Structures are given as C-alpha cells and as structure tokens.
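Colleague: Right, I'll just put the structure down here and ask away after.
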Amino acid sequence: MLTDSIAELSRLLRRRALSSEELARRCLAEAERQQPALNCFITLTPESALRQARAADQVLARGEGTPLTGIPVAHKDIFCTAGVRTSCGSRMLDGFIAPYTATAVARLHTAGMVMIGKTNMDEFAMGSSTEHSWYGPCRNPWDMQRVPGGSSGGSACAVAAGIVPAATGTDTGGSIRQPAALCGITGLKPTYGLVSRYGMVAFASSLDQGGPLARSAEDVAHLLTAMSGFDPLDSTSVDQPARDYAVNLGTDIAGVRIGLPEQYFQQDLDPEIRGVIESALHELEQAGAILKPVSLPSSHLSIPAYYVVAPAEASSNLSRFDGVRYGYRCRDPRDLTDLYCRSRAEGFGEEVRRRIMIGTYVLSAGYYDAYYLRAQKVRRLIRDEFRSVLREVDLICGPTVPGTAFAIGERAHDPVSMYLCDIFTVSVNLAGLPALSIPAGFINGLPVGMQLIGNYFHEERLLQVAHAYQEMTGWHRRTPGGPA
Ligand code: GLN
C-alpha cells in the first residue's frame, strides 16, 4: 500500500532514491492485488504506464520536470484517453477507444504524470455510490460491504486504498466531493470553467467540472496547478492567468471569515456528523478563523432544481448515443426505429434511462415552463444567495454528506434516497462555485468529510484553509487496513 504524498514521492524521485519505473511497477502490483476485492479499475494500462514512467525517469535524470513528474495517476473513465478504452461505466461505450485525449488528462501527462489506468464510476456519472456501473460496483476500502460514494468512486477508492497517490474525477452535483468524503481523502471541485471540459464525456454541461482527488490539500494544489487553465477547445473555459496553487499554501489563516449556514446544521442533522464538524470548526477557530452564522434560505430547493436541470441536459447530451455513429448497437434491428430504440434500451442502464425520461419530460412543450424554466429560476436564486453570503464571509463550511458510507445495495433501488446524498453538494454546482471536501474525523471507523465552499476562482484560499487544518489535525493521514 502506497501512503506517501505526492510531495514525498517527488522528493524520493528527485534524489533518485526511487525511479518512476519502480514506482509505477509498485502501483500496478498494488492495483492487481486489490482489484478483485475493490473493483476500482475498469482498465489498467501497464504497458503505456511503464513507457511513460521510463520517459519521466529520463526527464528526472536531467534534473528537469515538475513536482508531478514520474508520479502515478488514475483517470476516471469519463475522460477520453487516445488509444485506451473510455467506457464511462456504460455498456454503451464498452468497446469505445477514444480517438483523442481530454485536455485535463493531456495536461497532467505533459506535467510528467504516469497513467496507471481508468477508474470505475457510475454510468455516465449518474449516481452517488458507483453501484450503477456496467462493470459492477466498486467497494469502499474502509469497509468492503459499503459503497465508496460516487460517481467518481473508483478514483476515490484507488487513492484511499493506497494504489495511486492521485486521481481525477468529475463533479456535476458532488461526484468528486462525496466519494472523497466517504473514502477519507481530499477532493476539489473547481470553479466552473477553470478546468477544461474538452474530452470529458458530457453529462450536464452547465454543471460538469473535472478536478483532482488525492490525500492532502497540498497534493490537490499541485494537481490543480497542472490541470487548470484556459483551453480554446472548450467554449466555457475561462481565460484566467495560469497560477501555482501550491506556492502560498502555508499562508496564515488568521482572520479568515467562515460562514456557517443555519440550513446545513438543522435539527435533523445526524448528531455524530454534527459533532465531527463542530470539533473541526473549533480547530479552525483555534487557528484564528472567525466563525459567522449565515443563511442560504433556498438550500432546500437545490435537490429538486438539480434533478430537473441535470436530467434535462443529460437527455440532450445522451441523444448522440443512437447506435449508428459509435457505441453499442443492438443485434438484427428490424428497421431504423428499432435500431434506435433497442440500442439505447440495451446500451443504457436503468438509472441513465430514468434520467433521460425525466429530462425529456421536463423539456417537453407542455411542461417546459412548469419544470425546466422554474428550475432555472431557482438556480438563479441559489446563486444569488451564495453571492450575497460570500460578500460577508470568505468561505462557507458544513458537512459534505449527511452520513457516512452506506451499505452496498441499501439505496440502489431507491433513487430518491440516493439523490438525497447530494443535499450539501449540488447547490455548489448550480452556482458554479469551487468547493473542497477534506477528512475531518471518523464515526465507527468510517471517514467523515467536511466541505469548504469558496468564492469564484478562490481555490487558493480554500486550499490554504484546508492545508492549515490538515497540518493541525492529520485526519488525512489515516489509512484503511485494506484487504488481507
Ligand atoms: N449524484 C449526483 C447525480 O447522480 C451527482 C453526480 C455527479 O456529480 N456526477 O447526479
């Protein structure tokens, strides 16, 4: 099991105490060993990993490279990777070999990272447990009977299990932060537009954002530095100057104002989760943070608004999978209509079909105003409330998820209870804000995540506060026992 941070591994690589090739071999061996129990990978890429590692070793031998040169990474199988299967967790794309590489992946490659494989995920990123995968459920390394969260569950699991020090994920309504919380690692959903969506299979384009998962805020900062930045290939990419998110990590957090929305700490919040978050807040207060009660009155509308907007966009995005151009095609179609219907019915799983039907319904002529338009108005309201609160405080804090990891099968057949896992995360995507989940403690041996939400493009501040907290507490250094 690999528990070193990116920074530690990078030091070893630079001192030549370890070669990138040895490191890649260790990760691949660990992946092979743990895969049968965890099912966190859809594809492993040992040959190209060793090739990339040897190339990184040459760069390191010349004394060149970045803090990420030679460091192994796993990519969520939603990112296109040229020449490698990109399945998106779906039967629809089971045989799909991407013809090009996603910008976020290409940038990490250019920074010298070594891709070990592609990670398991909920089909088309729809879900909160990584149970809705054509390749079977992924498991939580802290307790094999439980889910790792989702939809980037394979990525969170691979990092938590010590297979890789870093992974990528995507977050449309919480899919980086929620699995990071349930697996006891650090995950960042950047501001919408900071990380290019080019080559990321689209779920709900106005909400989707790629980002890093790793053990610590420091590691996440290095990954974000490499992944982010303007991309002319993504029309929603924001033209911001490139930044190094790691250089000022040690900045003092005294005086930082943290808002605590009353809606995140209501009566029905699990008392144990409340206890964990309150003691984390106490630690931040000790470090000089100023805690302030705030209010986000439309919070309760975020789930209904999200579950109209996201399926609406999904129904449009997923119309490209028609059995004609690429992806799964049914056998012996009778005619064109039969080809469309059966290819989509057989290629998509139950949850994806449910979303397509909801999305098509809310966009239909008779219901557009009643559902889609209203959801967009609520979205605006939610965004405006965040904006006004973020004028008074520097960041907002609360639990990432209302509970700890739940049992496999517990919610799989109850979509509404699955949707409620996202109660604290979806509003952030509706507003387009950056947010981070960090490990803040344990309940019965299962990790609990704390969420920090920042203002637009204030990732640096978020990471500074998270780093200060991690320096003080060390929850992020705990590791699961792993399979025997
Ligand atoms: N769990 C949410 C959903 O099912 C969010 C998924 C995501 O962020 N990709 O839509």
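Colleague: Got the relative contact order for the chain handy, in percent, Cα pairs under 8 Å and 6 or more residues apart?
Modeller: After rounding, I find 18 percent.
Colleague: To continue, here is another question. Once both labels are modelled 7 Å past Cα along the beta-carbon direction, what's the E272-A61 spacing in nm?
Modeller: Inter-label distance under the simple model: 5.3 nm.
Colleague: Okay, next question. What is the magnitude of the charge dipole of the chain about its Cα centre, with +1 placed on the Cβ of each Lys and Arg, -1 on the Cβ of each Asp and Glu, and no other charges, expressed in debye to the nearest 20? Don't skip to the answer; put the middle values down first.
Modeller: Values: 46 positive and 50 negative charges, 167 e Å.
Computed charge dipole of the chain: roughly 800 debye.
Colleague: Once the Cβ-Cβ distance between S295 and E410 is put in as r, and R0 is 41 Å, what FRET efficiency do you end up with, to the nearest 0.05? Before the final figure, lay out the partial values.
Modeller: Values: r = 32 Å, r/R0 = 0.79.
The pair S295/E410 has a calculated efficiency of 0.80.
Colleague: Restricting things to Cα coordinates, could you compute the convex hull volume per residue of the chain in Å³?
Modeller: In the chain, the Cα convex hull volume per residue is 137 Å³.
Colleague: Can you tell which of L28, P46, T251 lies farthest toward the positive end of the dipole of the chain, using +1 and -1 charges on the Cβ of basic and acidic side chains (Lys, Arg; Asp, Glu)?
Modeller: Result: P46, furthest along the dipole toward the positive end.
Colleague: Continuing with this model, one more query. Which lysines, on any chain, are close to K76 with Cα under 22 Å apart, when same-chain ones fewer than 8 places away are left out?
Modeller: By straight Cα distance, K76 reaches K118, K189.
Colleague: Still on this structure, I have one more. For the range 165-260, go through all pairs of different Cα atoms, get the mean of 1/r, take its inverse, and jot down that Kirkwood value in Å.
Modeller: Taking the inverse mean of 1/r over all distinct Cα pairs, the range 165-260 comes out at 14.2 Å.
Colleague: For Y372, what is the net charge nearby, where nearby means another residue's Cβ is under 15 Å from its Cβ and Lys, Arg count +1, Asp, Glu -1?
Modeller: Around Y372, the surrounding residues sum to +3.
Colleague: List the aspartates and glutamates whose alpha-carbon lies under 13 Å from that of K377, not counting same-chain residues fewer than 8 positions away?
Modeller: D369, E385
Colleague: Please list, ordered by chain and number, the residues whose modelled amide H lies under 5 Å from the amide H of I290; skip anything fewer than 5 residues away on the same chain.
Modeller: Amide H neighbours of I290: G255, V256, R257, I258.
Colleague: With N denoting the number of residues in the range 348-443, provide Rg(C-alpha) divided by 2.2 N^0.38 Å, to two decimal places.
Modeller: For the range 348-443, the normalised Cα radius of gyration is 1.34.
Colleague: Considering the chain, which cysteines have no disulfide-compatible partner, defined as another cysteine with its Cβ under 4.7 Å away?
Modeller: C27, C80, C88, C138, C183, C330, C341, C397, C421
Values quoted throughout were computed directly from the atomic coordinates according to the rules given, and no laboratory measurement underlies them. Small disclaimer: the values here were computed from a predicted structure and weren't measured. Note: ideal-geometry Cβ built from the backbone for every residue, glycine included; neighbour counts use all protein chains shown.
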